[in-house]
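S.K.: First the structure, then my questions, so here it is.
The values are calculated or read from the model by the stated rules, or taken from the named source; none is laboratory data. From a predicted model like this one, the values you see are computed outputs, not experimental measurements. No Cβ is skipped: glycine too gets one built from the backbone with ideal geometry, and neighbour counts run over all protein chains shown. What goes into the accessible areas is simple: the full protein's heavy atoms, side chains included, and nothing from ligands, DNA or RNA. Shrake-Rupley method; radii C 1.70, N 1.55, O 1.52, S 1.80 Å.
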Amino acid sequence: MPEATEKIRKAEYVLDLEALSSIQERSTVWAQWIPITFPGLTVSRMTDRKANALVKLTKVGAVRLHSIIQTSQIMINKPDSISSSEHTVGFIIQKSGHSEIELNDQHIQLRKGTMGIIDGGYAFTLESIGTSHTHVFTMPRRIALESLPGLLESPVSVIQADEPLLDYITLIVAHSFEKLNILSNQQAIAWSTALISLLEGINIPKTSNSTQVHWRVKRGLSEIDTRAHDDNLSAEDIAIEQNISRRRLDQLFIKEIGSTISFQISEKRLTAAAAALCDIKNSKKHITTIAYDYGYKDGAHFSRAFKLKFGISPKEWRKSILSDQQ
């Protein structure tokens, strides 16, 4: 195949972590693959035995397209870890499930049918919650700035499902995994031009209110971040602090981020406790003591909740993480 054709067209391939027998192998391959495919990104260690990722990839010129089905994962973008020439802009179409982007203290939700636009020149955290399916396409940041300057007025934007042109963008991206390898050079260039034209035409939210959650939810999440270690903290406390009923605040939480106040308190405590268990300075500290430190009054309840979230017990988690650090 001539070099010019190779630059525009590349055969699709599939990464299927389920084909690897052990969670250690899956975690290692995934951790190596992510920063190669998405420069600047690192991914959290896989611990759940059911953790998996299935990826399809194709390419048109400078645009790389990925279809990703994955279980819960946390990815962190560190733009300072790579050269500015490697920075990209990512477009995330949420086909199913949901994801959360944290950037500049904003918690931004991607729900089914929406598309997120993220400027890779900024640090951010991207979390897929539960099993999710996304179509992700990226292009070099310099090209995006030249071709689509209006898209990058904000480091992150969310295009809602009712945007008329989003259906067309979703359609041509979805078909690209089957059709691009049979297009001629001229057809592939036309495809790329059509995608850019559609992106130019979408309505970008002009205010931060369209990309960040309701102020009451944001305030509640901030309160949870600050007080999660307090074993007396409850959903009622969060609501009382805002002079609003718990029921109404729960409704806002569910509408904005898809979960209740109590769920968010539990998630924050479990995540903080998991980090503490990974800290070698706490290696001699009893697991129950760490549970108490992060708001749990009962060690057995902590262990059950921990295993439900991470797929393994706190003891197994600590052993696997600390053994990797030695």
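S.K.: Taking 7 Å along the Cα-to-C-beta vector as the label spot, tell me the residue 222-residue 178 distance in nanometres, rounded to one decimal.
M.R.: Spacing of the two 7 Å Cα→Cβ label points: 4.8 nm.
S.K.: Starting from 0 in steps of 10 Å, tell me what percent of the Cα-Cα pairs of segment 127-177 lands in each bin.
M.R.: So the P(r) values, bin by bin, are 17, 44, 36, 2.
S.K.: Work out how much length residue 48 to residue 74 would gain on full extension: take 0.36 nm times their residue separation and subtract the Cα-Cα distance, in nm to one decimal. Display every interim value, and only then the final one.
M.R.: Working: separation 26, 0.36 × 26 = 9.36 nm, distance 1.31 nm.
Full-extension gain reported as 8.1 nm.
S.K.: At R0 = 35 Å, how high is the FRET efficiency between residue 171 and residue 21 if r is their beta carbon distance? Nearest 0.05 is fine.
M.R.: Details: r = 37 Å, r/R0 = 1.06.
So, using R0 = 35 Å, E works out to roughly 0.40.
S.K.: Now for a separate question. Determine the per residue accessible area of the chain with all protein chains present and a 1.4 angstrom probe, expressed in square angstrom. Let's see the in-between values first.
M.R.: Details: 16580 Å² over 326 residues.
Per residue, the chain has 51 Å² of solvent-accessible surface.
S.K.: Could you work out how far helix 215-227 tilts from the main Cα principal axis of the chain, as a 0 to 90 degree angle to the nearest 10?
M.R.: Once rounded, the angle reads 50 degrees.
S.K.: Something else about it: Using mean Cβ contacts within 10 Å as the protection proxy, how do 153-159, 266-272 order, highest first? Walk me through the intermediate numbers first.
M.R.: On the way: 153-159: 20.6, 266-272: 19.0.
Top to bottom by mean Cβ count within 10 Å: 153-159, 266-272.
S.K.: Next question. Whole-Hz ³J(HN,Hα) for each residue in segment 170-182, computed from phi via Karplus 6.51 cos²θ - 1.76 cosθ + 1.60 with θ = phi - 60°, x for glycine and proline: what do you get?
M.R.: Whole-Hz 3J(HN,Hα) from phi for segment 170-182: 4, 5, 6, 5, 4, 6, 4, 5, 9, 9, 4, 6, 10.
S.K.: Please identify, among 70, 106, 242, the residue showing maximal mean-square fluctuation in a Gaussian network model of the chain using a 10 angstrom Cα cutoff.
M.R.: Its mean-square fluctuation being the largest, the pick is 242.
S.K.: For the Cα atoms of the chain, what angle does the longest principal axis make with the long axis of helix 261-278, in degrees from 0 to 90, nearest 10?
M.R.: The angle comes out near 90 degrees.
S.K.: Normalised by the empirical 2.2 N^0.38 Å for globular proteins, what value does the Cα Rg of segment 257-326 take? The partial results should precede the final answer.
M.R.: On the way: Rg = 12.0 Å, N = 70, 2.2 N^0.38 = 11.1 Å.
Compactness ratio reported: 1.09.
S.K.: Mind checking the log10 I(q)/I(0) for segment 58-181 at q = 0.16 Å⁻¹? Debye, one equal scatterer per Cα, no solvent, two decimals.
M.R.: Scattering profile of segment 58-181, log10 relative to I(0): -0.78.
S.K.: May I ask for the angle, rounded to the nearest 10°, between helix 314-325 and the longest principal axis of the chain, with both axes built from Cα atoms and the value confined to 0 to 90°?
M.R.: Here the helix axis deviates by roughly 60 degrees.
S.K.: Sorted by accessible area with a 1.4 angstrom probe, largest first, how do 279, 225 fall? Kindly include the intermediate steps, with their values, before the conclusion.
M.R.: Details: 279 50, 225 80 Å².
The ordering from most to least exposed comes out as 225, 279.
S.K.: Using helices alone, I'd like the mean residue ellipticity at 222 nm for the chain: each DSSP H run of four-plus residues gives -39500 (n - 2.57), total over residue count, nearest 500.
M.R.: Working: 12 runs with 142 residues, N = 326.
Result for the chain, helices only: -13500 deg cm²/dmol.
S.K.: Got a sec to turn the phi values of segment 134-139 into Karplus ³J(HN,Hα) couplings, 6.51 cos²θ - 1.76 cosθ + 1.60 with θ = phi - 60°, whole Hz, x for Gly and Pro?
M.R.: Here the 3J(HN,Hα) series is 10, 9, 10, 10, 10, 8 Hz.
S.K.: Next question, about the same structure. Return the single residue from 171, 180, 277 with maximal mean-square fluctuation; model: Gaussian network over the chain, springs between Cα atoms under 10 Å.
M.R.: Ranking 171, 180, 277 by mean-square fluctuation puts 171 first.
S.K.: May I pose another question? In Å, the Kirkwood hydrodynamic radius of the chain over pairs of distinct alpha carbons?
M.R.: Final number for the Kirkwood radius of the chain is 21.5 Å.
S.K.: Let me ask something additional. How far, in nm, would the chain grow between residue 83 and residue 197 when pulled straight, counting 0.36 nm per residue and subtracting the alpha carbon separation?
M.R.: 38.2 nm
S.K.: A further question on this structure: In whole percent, how big is the carbon plus sulfur part of the accessible area of the chain, probe 1.4 Å, protein atoms only? Walk me through the numbers before you get to the answer.
M.R.: Numbers: 8620 of 16580 Å².
Using a 1.4 Å probe with all protein chains present, the chain comes out at 52 percent carbon and sulfur.
S.K.: Under the 0.36 nm per residue contour assumption, what length would be gained going from the current alpha-carbon distance of residue 289 and residue 237 to full extension?
M.R.: Numbers: separation 52, 0.36 × 52 = 18.72 nm, distance 2.42 nm.
16.3 nm is the gain from fully extending residue 289 to residue 237.
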